[in-house]
Each structure stands twice: as structure tokens, then as C-alpha cells.
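What follows is one structure encoded as C-alpha cells, with my remarks underneath.
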Amino acid sequence: MIGKARSPLARIVPLALGIVVFAAGCASNAPQDTLDPAGPQAKQIDNLIMPVFGVAGIVFVLILGGAVWVGLKFKAKDDDDFNEFPDQVHGHFALEIGWTIVPAVILALVGIFTVITIFDLAKKPADAITVEVTGQQWWWQYRYDLNNDGSFDEIVTANDLVIPTGRNIALRIRSNDVIHSWWAPRLAGKMDAVPGRTHPLTIKAPEAGEYIGQCAEFCGLSHAEMRIKVVAVSPEEFDAWAEAQQAPVENPTDEAAIEGWKIFAGTCTSCHTVRGMNDPGAVEGDAGPETSTTPFEYPEAKNQLANKLARQLDQGTGLPDLTHFMSRSTFAGAKFDLRKNTDACNALGLNWATTDDGLAKCLNRADLEAWLRDAPSMKAMHPGETMAPDSRGMPNFDLTEEQIDQLVAYLITLK
């Protein structure tokens, strides 16, 4: 039976889709371009993989070309050809040895250079700053060991990994829940974050700028929204940032910020930490009435969730430390910009929120307020009902618009 001839449209559509897919890989502004390495570790991987790609391309052309040549040369010319059994090459010693030895040699060479590269990348440089990277659903925590005493307690931050240019950074990657994978393509290869294990990875940024990455191992509902941002600054800027990160917070003095301070103390401190924070109801000279730090009254499911998150905090698996929240450029697992993503705001760098003018022009208040208003609707965190006791992530606390304004007023004091 002779089938129907394919229509021109049926031929064009697959070709067009193939062209679109190919063109999608040619974006000029792709921040996670693996083939555009910046750091020496990423370049070392690139130096390994490009020759492998070249050999694979040659093999592909030879095999596919040979298959096409055989198909064209020995295709059936008439009905009688279908009944003829082709000549067999079984027992052709030279061919069988050739297509066994050559692939084995190619794979052996690739394997040798791959193993050498893996062990070289695993070495910890003597002058490296050590940072503990902890994957959690769904954000990254960074703890710095600046004095090399083995305790990662000098700086505790989240979302933005700030590093000095020209300095090796020895990451110690781990997880508090499920398997994640830390990957900033322009700086280094992927490294899994596995519960109960610590995996080493060294990165180095040659130039100041932002190096974007992504969790590369499916880890739950918000896996695609668990982003990575490495912020490389000059050594002088890094030293100033590190000193500021270790300074205690100052109590707010503005009336709205004080009220937000009370809301934070009564609602957010069951999960979040602000190191050095005092009880706003016990501070001498507090402009507002003394208030309890007991969380607001919420439906039972919310109280269960708050209790669970409090236990996570006790076990070191709580939510991001917000001590110097306004020194970051992102929040909510780096899904949202805390600092507006404009050239003028990005040029302010780490100090964007230290002046009233920078804060007024660059604070992404719309997304921050929306997050406080209803976090579950902003990021997929809950497997069932938004307030189920077994949920992960920030719940909806049903804050009023006035409370949201007051809470923002407090958060912007955390510089």
C-alpha cells in the first residue's frame, strides 16, 4: 500500500521548530552560558570539554556520513534487489579490530584527562576564603569562616554570595533537607548538596560583576525558583562589606519602623534571625507602648506551621538570617529583586540602600510588599493547602496594609 505524500506544511514545521530550538541557544544576553567561562575553574572545564566536543563532532560526521553513503550506494534499485542478501563482513579482522581499538583509545584519553581535571578542581588553595554553602528548600545560606578557625560564624547571609575578585573561594557545599546542586556556570561546574555530606568546590571571579546560577537538581515545587547570585567586588569593597556584616544592628528610631519592629518581633522571629536584635517592648525610650513578643493569634494550621519552622530554626534549618537584609540585591531565594534591576541602581552596588536617595530610587517595594502580603501566592512552596501544617516556606500571616507598611519601614533599617 502506498501512503499519502506528505504535505509541504508537514515538512516545513519540523524544520522550523528545529531552527527555533537552535536559535534559542544563541542568545547574546544569556547569564548562565556554560560556553562563556569567566573563572579559572570554569575555563579549566571548558578546556577539557571543547576537545571532547571536537572529537565527538568528528565521530558524528564519520558515522553519520558513512551511514548516508552506505544508504545511497547500496539502496535497492528495483524489486529484485529486495530479495538479494547483502555481502557480509563478519570475520573481517582489520575492520573489527579498528572499530574496537579506536573507540577504546578515544574513551581512555577522555577518561584520563577528565580524572586529572576532577582531582585538580577538588584541591583547596592555601589562600582561599572558606564559605559553607547550605541548600535548603528553596534558598541558599552562606556562612563565612574569615579567620580560618573552622567555625563558620563571622558572617551569615543568604541569596547573594559576595566574594572578592582575584581570590580563591573554597565552598563547602551541604544540604539540610534534600539533594540540591549549586551551579554558577561561568565560575565552575555543578556540585551536589547532599544531606549528611560536604562536597568541596573552588571558585574565583577575575572581574567584578554578578555571576548568575541555578539549583541544578530537582528539589521540590520551587526548584526552578531557587536561584544563585555570586556578587564579585574589589578586595577593598569586600573588606568593607565584611566589616559591616559583622556589626550589630541598630534599634530603629522612626515611629513607623518601631511599630514594624514590634510586628517583626511578634511574628517573624519564630523563624528568622536578626542578630543583636532587642525586645522592642523592653528597650528604654521606646516610642510605642510595651508589647508582647508572642505571635499574633492565627488559625490552628498557621500556629502548627510556625511551631514547625521554629523547630527547624533550632536545628539549624530555619529561614534566612535578616540581620543585614538591605545589603542584598535579592530576596525569596533570589527570585525577586530587592534592588531594582536598573543600570543606575546596579551601579550603586552593595551600598545601594545606605543613603535615603538610593533607597527611595532603588527599593523594589512593590514585590517586597506583595511578598509580605501573601508569600505562598508569590512562590510555590506548599504541597497542598497554603497553610497546611506540613508546608515549607513562609506562610500568609494576613497582615493588614498598615502592618505591611510598618514592617517594610523596619526592614529597610537592616542595612
Quiz item: Being buried (at least 22 other Cβ atoms within 10 Å of the Cβ) and hydrophobic (A, V, I, L, M, F, W, C), is that true of even one residue in the stretch 144-154?
Solution: no
Quiz item: Does residue 181 qualify as being of a type in the set (S, T, N, Q) and more than 26 Å from residue 43 (Cβ to Cβ)?
Solution: no
Quiz prompt | Only listed residue being out of contact with any helix residue (DSSP H, G or I) (no Cβ under 9 Å at 6 or more places or on another chain), under 25 Å from residue 164 (Cα atoms) and of a type in the set (A, V, I, L, M, F, W, C), chosen from 93, 60, 85, 119 | solution = 119
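Conditions (1) of a type in the set (S, T, N, Q); (2) modelled with pLDDT under 80; (3) closer than 30 Å to residue 221 by Cα, marked per residue:
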residue	(1), (2), (3)
52	no, no, no
78	no, yes, no
86	no, yes, no
115	no, no, no
119	no, no, no
122	no, no, no
125	no, no, no
143	no, no, yes
Quiz item: Within the stretch 198-219, is there a residue that is modelled with pLDDT under 90 and on the phi > 0 side of the Ramachandran plot?
Solution: no
Quiz prompt | Selection from the stretch 238-275 of residues that are over 18 Å from residue 413 (Cα atoms) and touching a Gly at 6+ places or on another chain (Cβ under 7 Å) | solution = 271
Quiz item: Of the residues 236, 243, which is part of a helix (DSSP H, G or I), in contact with a strand residue (DSSP E or B) (Cβ under 9 Å, 6 or more places away or on another chain) and closer than 22 Å to residue 159 by Cα?
Solution: 236
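Just checking, how many residues over the stretch 125-154 are more than 19 Å from the chain's Cα centre (by Cα) and part of a loop (DSSP other than H, G, I, E, B)?
Of the residues in that region, 13 qualify.
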Quiz item: Quick one: which of 114, 100, 157 is among the β-branched types (Val, Ile, Thr), in contact with a helix residue (DSSP H, G or I) (Cβ under 8 Å, 6 or more places away or on another chain) and either part of a helix (DSSP H, G or I) or under 29 Å from residue 52 (Cβ atoms) (or both)?
Solution: 114
Quiz item: Quick one: which of 378, 387 is under 19 Å from the mean Cα position of the chain (by Cα) and either modelled with pLDDT under 85 or not aliphatic (A, V, I, L, M) (or both)?
Solution: 378
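Conditions tested, residue by residue: (1) under 27 Å from the mean Cα position of the chain (by Cα); (2) at pLDDT below 85.
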site: 241; (1), (2): yes, no
site: 244; (1), (2): yes, no
site: 250; (1), (2): no, yes
site: 256; (1), (2): no, no
site: 261; (1), (2): no, no
site: 271; (1), (2): yes, yes
Self-check item: Complete set of residues in the stretch 247-263 that are assigned to a loop (DSSP other than H, G, I, E, B) and exposed (fewer than 15 other Cβ atoms within 10 Å of the Cβ)
Solution: 247, 248, 250, 253
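The values are calculated or read from the model by the stated rules, or taken from the named source; none is laboratory data. None of these values were measured; they are calculated from a predicted model. Backbone-built Cβ (ideal geometry, glycine too); neighbour counts: all protein chains shown.
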